[in-house]
Each structure stands twice: as structure tokens, then as C-alpha cells.
Amino acid sequence: MSKLLVIALDGAEPTLLERWMADDTLPNLKRLRERGRYGYLDSDAGLLAGSVWFSFYTGQTASNHGIYNYLVWRPEKMTTEPPSAKWLDLQPFWRTLDQNGPRAVVVDIPLTYAPTPFNGSEVIGWATHDSLGPLTSFPPELAERIRTRFGDSMQEEERYGLLNKREFLAIRDQMVWITQNLRDLCLSLMQEESWNLFMVCFAAIHRGGHKLWDLTNVTGKLTSTEKAELQDCLRQVYIACDEAVGKMVEQAGPDATILLFSPKGMGQNACRNSILPEMLHRVLAGEYSHIGSTPETTLLSRIRNLIPSRWRHRVKSGLPIRWRQLLTGFWRVGQINWEHTPAFSMMADVQGWIRINLKGREAKGIVEPGREYEALCQQIVQGLKTFVDADSGQPLVREIIYSRDVYSGRRLDWLPDLILNWVETPAHEMRAAYSPLYGTIPWPTPGRNPEGRSGNHAATGMLLVSGKGIEPGPLAGADILDLAPTILSLLDQPLPETLDGQPLDEILYPRNPKTPS
């Protein structure tokens, strides 16, 4: 059986890849593209940005697997929790491989549960941007080997807030270092383990894209030389990933098939979620006169906000991963007075997500299904659309979508009721939001993004496939749901009925041509 090497460049932006392949900044990716198929990769990232990794490894839509973020709303508990095998079975497709079939080695695929016994070896939580748990492996002794030889988990908890020049450069250096270490780990596993499928996710571009996209969130005066150095930081992270790809492709050998993808892209941060709770609060207060305070305006939150963010980060980063997740959930929804809250803004970092506190669905629901629910949704949609940029007069909301209008599936009720897409102009340019009905809401950090992310996710990713039998050319119509069935088909494995995607014809048919009718 031939070998299949799958490499994810998490958060890699296609326009940057194309620019830097064209000018030979990324020579290894350029060579793969020239001899293979390349195209854009669709997913739910334009509506539910946090769902894409779950969709990749389950092969299901968000409305079937039910997960859209690393913290999920639990209506029966009125709180958020990370997904857990205790209450939700999320089985990555590689863990279903037959014991007598192809063997897989999998490294750092984001947001998976701790590995369980299967026909292969797996590591999670070592160098990922997103993880549901600490460094864990199957077999268990593999994690200890990694700690001994390469060290413990490398990716630090992301710190929100502005950066000075030294901190900006330190993120670049850390992302390059992490990429080089992950490369070395993969090369050693490729040499020491038997495998038919080797799969890894490089997450440095993801973190780098958030923090190094531009200089919007850099404090202090910069000379022209300093600006040039900082503006080149993200490119250096891409270069490190390209070098790692080249080494791994060489190690895989000339007969291997290479499948390389980015599940979503990256662009300038247009997210206005920091003011969405207050926007929603004002829209609701017109009819629900007893509505409670937003989590951001409670006394406890105001006291918390008096503590510098870097101090809070230092304390939080020392906690176990699950404690950090639960603490984040508490600050987002743990202080809401549900008896007086008909709708609330869910945790999100790209789109805005709004959920109705619905009777019969939420444990403390107060909104009646049917007419009251529909009227409330309409009130929210109409009210939020009245907000504009206080200076330019440009609307802030591009569209608001009902989940039920675009999704169907057994876990549709797990999703937000309303999905809000912001206008694509940079959020940091705002001074304030204004509505003729609901007044003015100041932007928390004029000229800056309050969370310290100059870049944020874009909807479109990319897919590149190269190898024997793969004819060079464009690749059109690919969706992230198609990757699991395509990988399984390349390994000559049966496709589970639970998969929502289809194998990609352009990749498979050159290997297994259709018999003419």
C-alpha cells in the first residue's frame, strides 16, 4: 500500500500562500503546486468558524456533530463546557481504521479527545493552537518519549492584549521554534514508526496570523527599520512551515501522495464581538424592561478588568487546561441572570452568535416557542442592523442568518439561533457604534483591537494534492467534509455511512479511472 502524507497548515491564508509561492518565498509548496492540483477549500468557517476541525475529523456538518467552538453551550446546565467523550462521541476517522488495514501516525490534530487504542500512534496537545487537553498519546509511553527527547507542550496559552516590539518579535521566534521542533518530531516518527497514513497539523501560522498580521496592536513608536522587521514576521513563520513541509515530503519518498490543506484562511480583524453583548442588551431592553446586566458590566467583571491583562494571563496560564476552559466559560455566561435574559451572545471570535433562552430547550428558558420566539428574533435582527459606525455611518452588520435556514441535522438545536457576520472593514478603525434607536457604544480601545488580534479568520482555506497519478491543474468545489472520505478512499478503506462529504473525483479517478460505458 502506498503512503499518504497529510499536512495541515492551520489558518494559512491562500492569498499569502499564492503570493509567496509566486516569488519563491515558499519553494517547497510551489513545487508541490506545480506538479499537483491546487484550489480553495470551502467549509462552515464563514458562519461557524470554530466548527471546522470537528467537521474535518468527523466528516460531518456542524448540525450533525453539534460543535462550533472549543467551549459548547449546554442548555440543560445553562453553562459552557469543552466537548467531552462523557456526553458526546466524536470519533476521528483515523481511529476507526481496521486493525488489519493501513496504519496511521497522527500528530497534533486540533480539538480531538485524548487518543484511544487504534491501529497506529497518535499525539495531541503538544504544539497546537487549539487543544481539548494536555499532551497525551497512544500508546501512552509515546508522550513520555516526546517529553524526554523534545520537551513538554510547547504552545503557550494565547495572551490577549496589546504587544510591544519585544513581545511581537518573541511570538515570531516562538512560532518558528515550535515549527522546527514539530518538524523534527515528525521526521523522527516517520523514520521510527511504520505507517501508511502520516498526518500532522502545523499551528504556528494560526497563532502567527492572529498576532502578527499587521502592526495594529503594537504599542510604542517604531522606526522605519523596526517596522520593516515586524512587518516581515508572519512571512518568516510561513517560511519555517514551508521548510518543514519540504523535509517531510522528502522523508515520505517519491511514491507518497501528499495532501496539504488549510481549513480556513486569515485576514484583517473585522470582529466587533467585544461590543455585541451591549448592542444586544440595548435592543432587548426596549421590550424586556427587567433584563439583567451583561456579563461584562457586572461588579465582579468590573473588578476583574481593573487587573492588568498580563497579570491575569500569568495566573491563568499556570492552571490546568480544563480549569482555564471553565474559567473562560464563567466569565462569558456564568454571571447571567437567566430569569431576566431572553437572549444572549455566545462565545465566538469571528462571527457573532446569538441564542434565545427558549422554554423547553434551555433549562431556565423564559421565551415561549412559536410566536414569541419569532417576534424576539425579528426584534434582534432589526435592532442590531440599526447600528452603524459613529464616524462613517457605515452599517456594522453585513448579514444576520437564521441557523435553521442553512442547516439541518440531528443537532441543529445545539447551534446558535442567529449568526451575525460583521462588515469586512477593520474593527480597530472604529471609535464608537451608534444607533438612532439605542444610542452610542464606545469602542473599548480606539485604534486597536481589544483582544490584541490584528488578524482573524477568513472563510476560505486551500487544498493542494500531489503525487503519482495526480494530474497537475486546478481543483474546484472541494469542501472540508470531502477530506475524510477522500483520505479513506486513498487508503482503500470503506466509507462510513455517517460521512456527509464525498471523495474528490479529481484526485481519485486518475488512480482508478472510470470504465467507459
Arrange the peptides 207-218, 15-26 so that the one whose residues have, on average, the most other Cβ atoms within 10 Å appears first. 207-218, 15-26
Taking loop as defined by DSSP and a crowding limit of 12 other beta carbons within 10 Å, which GluC sites (Glu not before Pro) in the range 421-482 fit? GLU424
Please report Rg (one decimal) and Dmax (integer) in Å for the Cα set of the range 338-475. 19.3, 62
Show me the ranking of peptides 27-36, 348-357 by mean Cβ neighbours inside 10 Å, starting with the highest. 348-357, 27-36
Cα gyration tensor category, rounded, prolate or oblate, for the range 169-290 with a/c compared to 1.5: oblate
Would you please calculate the Kirkwood hydrodynamic radius of the range 17-141 over all C-alpha pairs and express it in Å, rounded to one decimal? 16.8
Burial-style ranking of 194-201, 464-471, average other-beta-carbon count within 10 Å with highest first, yields 194-201, 464-471
Using a simple charge model, +1 on the beta-carbon of Lys and Arg, -1 on the beta-carbon of Asp and Glu, nothing else, what dipole does the chain show about its Cα centre, in debye to the nearest 20? 1180
Work out the length of the dipole vector of the range 214-256 about its Cα centre, built from +1 on the beta-carbon of each Lys and Arg and -1 on the beta-carbon of each Asp and Glu, and round it to the nearest 20 debye. 240
Could you tell me the distance between the Cα centroids of the range 249-264 and the range 101-147, to the nearest Å? 20
Taking just the C-alpha trace of the range 422-497, give me its Rg and Dmax in Å. 22.1, 62
Hey, if you put +1 on the Cβ of every Lys and Arg and -1 on every Asp and Glu Cβ in the chain, which of THR216, ILE354, ILE336 ends up farthest toward the positive end of that dipole? ILE336
May I ask for the Kirkwood hydrodynamic radius of the chain, worked out over all distinct Cα pairs and given in angstroms to one decimal? 24.0
At 222 nm, what value in deg cm²/dmol follows for the chain if DSSP H runs of at least 4 each add -39500 (n - 2.57) and the sum is divided by all its residues, to the nearest 500? -10000 deg cm²/dmol
C-alpha center-to-center spacing [the range 466-501, the range 150-226] in angstrom: 29
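All of the numbers you see were taken from the coordinates with simple rules; none came from a lab. Since the structure is predicted, the reported quantities are computational estimates derived from the model, not experimental observations. So basically every Cβ, Gly included, is an ideal-geometry build from the backbone, and we count neighbours across all protein chains shown.
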